[in-house]
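Undergrad: Dropping a structure here in C-alpha cells format, bear with me for questions.
The values are calculated or read from the model by the stated rules, or taken from the named source; none is laboratory data. Being a predicted model, the structure only gives us computed values, none of them experimental. Cβ atoms come from the backbone with ideal geometry, glycine included; neighbour counts cover every protein chain shown.
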Amino acid sequence: MREACGPAHMKAILATGDLKTLTNVYRASMVAMQAGSDFIKTSTGKEEVNATLPVSLTMIRALRDYNERTGQMVGFKPAGGLRTAKDAMNWLILMKEELGTRFMMPDLFRIGASSMLADIERSSNIT
C-alpha cells in the first residue's frame with residue numbers, strides 16, 4: 001500500500017465500531033501501520049459507533065508498541081462522536097498521558113470533528 005501511495009500521506013480508516021472487539025481494533029491498527037500508514041483513524045464518522053475513549057486507548061497503545069518496535073512514529077486521528085471542546089481535551093490528555101507531548105503535535109495528531117467548531121467558538125466568546 002505504501003508503495004502505491006508514493007509520497008502522498010497514507011491514512012488508514014479502521015471503522016472501529018464495526019470491528020466489535022478491542023483485540024480486533026489493536027490488530028487492525030498494527031496491520032495498518034505495517035502496511036505503511038502515516039495515520040490511523042478511528043472511523044469515517046458515519047458508522048453507528050465512532051471514536052470512543054476505550055477504542056482510542058487501544059489504538060494509542062498500538063501506536064506506542066509499534067513505535068517502540070520500529071522507531072517509526074505514526075499519527076492518530078479520532079473521528080466521529082467528538083462534539084465539544086471538552087471532548088477534545090479528553091483526547092489531548094489521553095495522548096499526553098500515553099504517548100507524550102511529541103505525539104500531540106499536528107503532524108501526528110488530528111481531531112476529526114467538524115461539529116466541534118461551534119462549541120469551541122461558543123466557549124471562546126464567554127466573557
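Undergrad: Suppose we filter 110, 61 for residues that are under 10 Å from the mean Cα position of the chain (by Cα) and surrounded by 14 or more Cβ atoms within 10 Å (Cβ to Cβ); which single one remains?
TA: It is 110.
Undergrad: For segment 107-127: of the residues being closer than 9 Å to residue 75 by Cα and not acidic (Asp, Glu), which is modelled with the lowest pLDDT?
TA: Checking each candidate, the answer is 110.
Undergrad: Answer yes or no: is there a residue in segment 77-88 that is touching a strand residue (DSSP E or B) at 6+ places or on another chain (Cβ under 6 Å) and of a type outside the set (Gly, Ala, Ser).
TA: Taking every residue of segment 77-88 in turn, at least one turns out to be touching a strand residue (DSSP E or B) at 6+ places or on another chain (Cβ under 6 Å) and of a type outside the set (Gly, Ala, Ser).
Undergrad: When residue 95 is evaluated against the numbered criteria (1) in contact (Cβ under 8 Å) with a residue 40 or more places away in the chain; (2) aliphatic (A, V, I, L, M); (3) touching a strand residue (DSSP E or B) at 6+ places or on another chain (Cβ under 7 Å), which criterion, by number, is the only one it fails?
TA: The single condition residue 95 does not satisfy is (1).
Undergrad: Select the helices (runs of 4 or more DSSP H) contained entirely in segment 1-105, then report the ones holding at least 3 residues which are of a type in the set (S, T, N, Q).
TA: Fully inside segment 1-105 and qualifying: 22-34, 53-70.
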